[in-house]
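Reading through the structure tokens given below for one structure.
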Amino acid sequence: MPSPTPFTINVPQEKIEAILKKVRAYEWHEMPEIAPGADRWAYGTDIDYMKELCGYWVDKFDWRAAEKNLNRFPQFRADVDGHNIHFIHVKGSGANPETVLLTHGWPGSVFEFLDVIERLAHPETCGGKADDGVNLVIPSLPGYAFGGKLKTPIGPRGTAALWDKLMRDVLGYQSYIAQGGDWGAVVSGWLAYDHGVPKGGCKAVHLNMFGLRPAVLPETDEEKQWAQGAAMVFELESAYLRLQMTKPQTLSYGMMDSPVGTAAWIVEKFHGWSDRRGKDGSEHIENAFSKDQILTNLMIYLVTGTFNTATWFYRGLFEEGGNTMAPGTKVEVPTGIANFPKEFLRFPPRSMIEKGYNVVHWTDFEHGGHFAALETGPVFADDVRAFVQLVKG
């Protein structure tokens, strides 16, 4: 396969201005009246917060500063089976570092991992030991961000096959540890299942969401209670998923034309899926993320024009046949579970997880949600490092 090509983000100024022009020109509409003290997000994205965010967007947000931050670490593109894959690649400290493959999900991006890179690759800069450093490979999912445009949908199982080729054939890492949440959890699960050592290069997997699932039914009362709760959450939260899985192209016409529409669609997920609890007892999206973080992640979709192809990943899952292991099989490689309390797709009881995974590490956290790396930073990184130390060798 061709060697990776260095890449630097440099968005044309006219692209940025075109986005901001549409934000400024947006014609605001109405939302239902909300009683004092009631949930202003109950019908969807709160219009008052959207007006506040958009005001900050056009008056204060600095894409060039965000771009400089993203360019702090080496980025590359590589052709893998005809897919132009974008990724961050950082060599770790120490004499013989392990290699960790970090995979994001939707509506996230590689930006989620930016603030944990230094802590994982060069822990000596954060009070740790250099010998605990790891090599990091952080790719953008196919059809996302700064990679090439897709021609047809691809799902998590197909992406896992691409990632194994990226790691072994392109970058020369014959063994690696996979980590992920959201789609990254499903991709990492398939890496461990289809491409685990010795079939492939994945020697262990660390997950912060229940993605790839064993073909088992709940048996204990605790497992049945979890299943009932999970079914309720899925019913309440899955409208976006059903649309993106079945008719993503229909959604694309509005979203590709409207930065504010795209923002509302994505910001609702950052609000609903994060740990919004503040130290003062308040609940607010900015207890989890700053406006700059929200807008940096959002602008990655907008400056690359990839909202459409990013949603194709859901259709790809549908066409691949889902995210369930074959009956009677499981992930055999060592598995670490990072169980964050405000993850909306909660892990089932350990008894059920162990029917599908070789669990050797399990951490229950007090704080954090779906976007674990972005929300908790050092806490997430330290758990990944602890798992790496457990399975290295």
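The values are calculated or read from the model by the stated rules, or taken from the named source; none is laboratory data. Just so it is clear, the model here is predicted, and its values are computed rather than measured. Quick reminder, even Gly has a Cβ in these numbers, built from the backbone with ideal geometry, and neighbours come from all protein chains shown.
One table, with the values for the structure above:
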quantity: Selection within the range 176-195 - part of a loop (DSSP other than H, G, I, E, B) and either acidic (Asp, Glu) or surrounded by fewer than 24 Cβ atoms within 10 Å (Cβ to Cβ) (or both); calculated: ASP182, HIS195
quantity: Subset tally (residues that are of a type in the set (A, V, I, L, M) and closer than 20 Å to PHE318 by Cα) for the range 237-261; calculated: 5
quantity: Filter result (surrounded by 13 or more Cβ atoms within 10 Å (Cβ to Cβ) and either assigned to a loop (DSSP other than H, G, I, E, B) or of a type outside the set (A, V, I, L, M, F, W, C) (or both)) within the range 30-50; calculated: MET31, ILE34, ARG40, TRP41, GLY44, THR45, ASP46, TYR49
quantity: Flag for ALA121 being farther than 22 Å from ALA192 by Cα, in contact with a Leu (Cβ under 6 Å, 6 or more places away or on another chain) and buried (at least 19 other Cβ atoms within 10 Å of the Cβ); calculated: yes
quantity: Filtered residue count, the range 354-390, keeping only those that are within 22 Å of HIS104 (Cβ to Cβ) and part of a helix (DSSP H, G or I); calculated: 16
quantity: Unique residue being in contact (Cβ under 8 Å) with a residue 12 or more places away in the chain, under 30 Å from ALA42 (Cα atoms), in contact with a Gly (Cβ under 9 Å, 6 or more places away or on another chain) and surrounded by 22 or more Cβ atoms within 10 Å (Cβ to Cβ) when the list is THR296, THR309; calculated: THR309
quantity: Criterion: aliphatic (A, V, I, L, M), out of contact with any Cys (no Cβ under 6 Å at 6 or more places or on another chain) and outside any helix (DSSP H, G or I) - qualifying residue of ALA227, ALA215; calculated: ALA215
quantity: Conditions (1) among the basic types (Lys, Arg); (2) touching a residue at least 40 places away in the same chain (Cβ under 8 Å); (3) over 24 Å from ALA310 (Cα atoms); (4) in a helix (DSSP H, G or I); number of the one not met by LYS15; calculated: (3)
quantity: Which numbered condition PHE87 misses (of (1) of a type in the set (Phe, Trp, Tyr); (2) more than 22 Å from GLY261 (Cβ to Cβ); (3) surrounded by fewer than 21 Cβ atoms within 10 Å (Cβ to Cβ)); calculated: (3)
quantity: Number of positions in the range 361-383 that are in contact with a Gly (Cβ under 7 Å, 6 or more places away or on another chain), in contact (Cβ under 8 Å) with a residue 60 or more places away in the chain and among the hydrophobic types (A, V, I, L, M, F, W, C); calculated: 2
quantity: Looking only at the range 318-369, and only at residues there that are farther than 24 Å from VAL100 by Cβ and hydrophobic (A, V, I, L, M, F, W, C), the one that is nearest to the chain's Cα centre (by Cα); calculated: PHE344
quantity: Those strands (runs of 3 or more DSSP E) lying entirely in the range 51-150 with at least 2 residues under 21 Å from ASN208 (Cα atoms); calculated: 83-90, 98-103, 134-139
quantity: Selection count, the range 278-314, where residues are over 17 Å from the mean Cα position of the chain (by Cα) and either assigned to a loop (DSSP other than H, G, I, E, B) or over 24 Å from TRP57 (Cα atoms) (or both); calculated: 8
quantity: Which listed residue is farther than 23 Å from ILE154 by Cα and either without any contact (Cβ under 8 Å) to a residue 60 or more places away in the chain or surrounded by fewer than 16 Cβ atoms within 10 Å (Cβ to Cβ) (or both), from PRO198, PRO218; calculated: PRO198
quantity: Complete set of residues in the range 356-382 that are surrounded by fewer than 18 Cβ atoms within 10 Å (Cβ to Cβ) and either aliphatic (A, V, I, L, M) or over 14 Å from LEU207 (Cα atoms) (or both); calculated: VAL359, VAL360, GLU366, HIS367, GLY377, PRO378
quantity: Leading residue by the ranking (farthest from the chain's Cα centre (by Cα)) among those in the range 151-175 that are hydrophobic (A, V, I, L, M, F, W, C) and part of a helix (DSSP H, G or I); calculated: VAL170
quantity: Pairs, first under 13 Å from LEU295 (Cβ atoms) in the range 40-53, second small (Gly, Ala, Ser) and surrounded by 17 or more Cβ atoms within 10 Å (Cβ to Cβ), C-beta under 8 Å, six or more apart; calculated: MET50/ALA263; MET50/ALA264; LEU53/ALA263
quantity: Given (1) in contact with a helix residue (DSSP H, G or I) (Cβ under 9 Å, 6 or more places away or on another chain); (2) at pLDDT 95 or above; (3) within 29 Å of GLY148 (Cα to Cα), number of the condition GLY196 does not satisfy; calculated: (1)
quantity: Pair list, Cβ under 7 Å, 6 or more apart: the range 172-183 residue free of Cβ contacts under 8 Å to residues at least 40 places away in the same chain, other residue part of a loop (DSSP other than H, G, I, E, B) and not hydroxyl-bearing (Ser, Thr, Tyr); calculated: GLN174/GLY201
